[in-house]
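Peer 1: Shown below is the structure under consideration.
The values are calculated or read from the model by the stated rules, or taken from the named source; none is laboratory data. The structure displayed is predicted, hence computed values, not measured ones. Because the Cβ atoms are built from the backbone with ideal geometry, glycine has one as well, and the counts that use them run over all protein chains shown.
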Amino acid sequence: MNIREKYEAAKNEYEKWGIDVEKVLDKLKDVKISVHCWQGDDVTGFENSNQELSGGIAATGNYPGKARNAAELRADLDKALSLIPGKHKVNLHAIYAETGEEKVERDELRPEHFANWVQWAKRRGLGLDFNPTIFSHEKAADGLTLSHPNKDIRDFWIRHCIASRKIGEYFGKELGQPCLTNIWIPDGYKDIPSDRLGPRQRLKDALDEIFKVKVDNKYNLDAVESKVFGLGAESYTVGSSEFYINYAAKNNILSLLDTGHYHPTEMVSDKLSAMLLFSNKVALHVSRPVRWDSDHVIVLDDELKEIAKEIVRNDALDRVIIGLDFFDASINRIAAWVIGTRNMIKALLSAMLMPNKKLKQLQDEGNFTERLVLMEEFKTYPLGDIWNYYCQINNTPVKEQWLEEVKAYEKEVLSKRK
């Protein structure tokens with residue numbers, strides 16, 4: 001049987017349970033994943049400085065062909081996005097500004113420094129998201145930024161965050177879809193602190209200053225991101241989950257949950273329903289922690305599938321902003337983008353092809369036997385045949401065929417980069 005014939009047979013299997021597969025594919029087509037640009041250059045950026053990667057972040061490996069400038073990074077993203085079904089967004093950090101020969105400090109960045117990114121996104125119908133880069137900088141060298149005891153350092157980062165929000169607003173206006181501007185800081189202490197309250201008070205005051213400057217939330221959505229610990233901040237993180245969830249709720253901004261930023265036994269999939277009860281929107285950075293926040297490329301594992309189920313079964317596809325955040329320098333970087341993004345979409349498709357209403361009904365009835373039977377049996381339903389058809393109608397390669405294009409691009413383009 002060809003792809004279409006296999007699809008029709010699989011569709012019949014799902015339709016026995018009242019699942020309208022064509023409607024599912026139409027809905028999936030409208031879901032935008034925010035693909036992070038920093039996978040393409042190992043979070044180096046284009047500031048033309050020798051500043052080492054810091055802030056508890058590490059990109060390991062030296063696979064050849066990483067992007068060395070914005071033009072190469074955009075070309076690599078073009079190739080990756082051509083192998084991913086759907087129309088998505090690209091997530092930028094401030095260090096991806098293009099300032100020419102001029103050295104522009106981060107607190108002086110302006111929308112025009114991202115004009116090339118906007119024109120590129122416009123031509124391709126993409127949205128852009130944004131992040132101030134509050135690490136890998138001399139003013140973050142001791143691991144403290146917005147919570148720093150030194151007011152001059154705090155003020156520098158406050159100005160940078162305000163500038164970043166204005167850049168996000170510019171993205172939203174130009175591209176006709178809101179930009180998510182997310183603030184994450186590495187602040188914390190390696191050993192047990194003697195004052196936990198003081199740094200958090202300074203962080204709160206700094207955030208208050210940042211958000212005092214109004215930008216149009218029609219174009220820019222503000223988010224704050226927590227972390228449980230980082231390299232060099234093993235004992236205490238200023239921006240903890242409790243801090244940011246409370247701050248976001250009180251100030252009517254978004255809380256962003258990164259799947260690598262919690263204790264190993266905590267699952268973001270379990271947090272989503274609680275967040276959705278009290279927040280109109282929730283933001284995600286989907287990564288894969290291995291023993292720590294190691295930002296491995298996401299695979300189609302149980303937690304990814306459970307996250308997708310929570311989004312779908314709670315009718316929250318338009319309320320959860322899905323971004324990716326991983327960086328692996330040990331494998332082909334374009335392949336990493338494609339693997340991770342296709343898996344995120346595949347997980348959503350799998351969740352949309354579940355008899356979710358029936359499963360909820362069985363739980364409410366206390367019929368846990370039938371519920372477990374269905375949940376297990378659907379694991380081997382013919383998802384792959386639906387996925388292959390979805391790729392085909394979106395003019396993207398089916399199954400592992402996309403790897404041949406990546407190999408050709410590596411031979412023709414990446415291998416020539418020194």
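Peer 1: Let me confirm something: among ILE331, ILE345, which residue is surrounded by 15 or more Cβ atoms within 10 Å (Cβ to Cβ) and among the aliphatic types (A, V, I, L, M)?
Peer 2: None of the other options fit; the residue is ILE345.
Peer 1: Considering only residues that are among the aliphatic types (A, V, I, L, M), touching a residue at least 40 places away in the same chain (Cβ under 8 Å), within 20 Å of ASN395 (Cα to Cα) and surrounded by fewer than 19 Cβ atoms within 10 Å (Cβ to Cβ), which ones fall in region 1-27?
Peer 2: Listed by number, the list holds a single entry, ILE3.
Peer 1: Between a residue in region 235-260 that is free of Cβ contacts under 8 Å to residues at least 40 places away in the same chain and within 16 Å of LEU276 (Cα to Cα) and any residue that is assigned to a loop (DSSP other than H, G, I, E, B) and polar (S, T, N, Q), which pairs come within a Cβ distance under 6 Å, given they are 6 or more apart or on different chains?
Peer 2: SER241/SER226; TYR244/SER226
Peer 1: So which of TYR63, TYR96, TYR14 is of a type in the set (Ser, Thr, Tyr) and assigned by TED's automatic domain parsing to the domain that holds ILE386?
Peer 2: The conditions single out TYR14.
Peer 1: Another question about this same structure. ARG313 fails exactly one of the following numbered conditions: (1) closer than 20 Å to SER255 by Cβ; (2) surrounded by fewer than 22 Cβ atoms within 10 Å (Cβ to Cβ); (3) of a type outside the set (A, V, I, L, M, F, W, C). What is the number of that condition?
Peer 2: Here ARG313 clears every test but (1).
Peer 1: Going by the structure shown, is THR181 under 22 Å from the mean Cα position of the chain (by Cα), among the β-branched types (Val, Ile, Thr), outside any loop (DSSP other than H, G, I, E, B) and in the same structural domain as VAL290 (by TED's automatic domain parsing)?
Peer 2: Criteria met by THR181.
Peer 1: While we're on this one: How many of the residues in region 45-78 are modelled with pLDDT of 90 or more and more than 15 Å from GLY340 (Cβ to Cβ)?
Peer 2: Matching residues across region 45-78 total 16.
Peer 1: Here's another thing I want to ask about it. Out of the residues in region 137-166 meeting the condition of being of a type in the set (S, T, N, Q) and in contact with a Pro (Cβ under 6 Å, 6 or more places away or on another chain), tell me which one is nearest to ASN220 (Cα to Cα).
Peer 2: Per the stated criteria, the residue is SER164.
Peer 1: Taking region 207-228 only, how many residues are assigned to a loop (DSSP other than H, G, I, E, B), within 22 Å of VAL282 (Cβ to Cβ) and of a type in the set (A, V, I, L, M, F, W, C)?
Peer 2: Residues meeting the conditions: 2.
Peer 1: So LEU231 passes all but one of these: (1) surrounded by 18 or more Cβ atoms within 10 Å (Cβ to Cβ); (2) over 19 Å from ILE322 (Cα atoms); (3) among the aliphatic types (A, V, I, L, M). Which condition number does it fail?
Peer 2: Every listed condition holds for LEU231 apart from (1).
Peer 1: Among the residues of region 238-255, is any crowded, with 22+ Cβ neighbours inside 10 Å and either part of a helix (DSSP H, G or I) or outside the structural domain of ILE322 (by TED's automatic domain parsing) (or both)?
Peer 2: Yes, region 238-255 contains a residue that is crowded, with 22+ Cβ neighbours inside 10 Å and either part of a helix (DSSP H, G or I) or outside the structural domain of ILE322 (by TED's automatic domain parsing) (or both).
Peer 1: Still on this model: Give all pairs with beta carbons closer than 6 Å in which a residue from region 31-43 that is on the phi < 0 side of the Ramachandran plot meets a residue that is among the basic types (Lys, Arg) and not in a loop (DSSP other than H, G, I, E, B); count only pairs at least 6 apart in sequence or on separate chains.
Peer 2: LYS32/LYS89; SER34/LYS89; GLN39/ARG333; GLY40/ARG333
Peer 1: Would it be correct to say that ALA274 is assigned by TED's automatic domain parsing to the domain that holds GLY168 and in a helix (DSSP H, G or I)?
Peer 2: yes
Peer 1: To continue, here is another question. Would you check if HIS93 is in contact (Cβ under 8 Å) with a residue 24 or more places away in the chain, closer than 23 Å to LEU231 by Cα, buried (at least 20 other Cβ atoms within 10 Å of the Cβ) and of a type outside the set (Ser, Thr, Tyr)?
Peer 2: Yes: the conditions hold for HIS93.
Peer 1: From (1) at pLDDT 95 or above; (2) within 16 Å of the chain's Cα centre (by Cα); (3) surrounded by 13 or more Cβ atoms within 10 Å (Cβ to Cβ), pick out the condition that doesn't hold for ASP318.
Peer 2: Going through (1) at pLDDT 95 or above; (2) within 16 Å of the chain's Cα centre (by Cα); (3) surrounded by 13 or more Cβ atoms within 10 Å (Cβ to Cβ) one by one, ASP318 breaks only (3).
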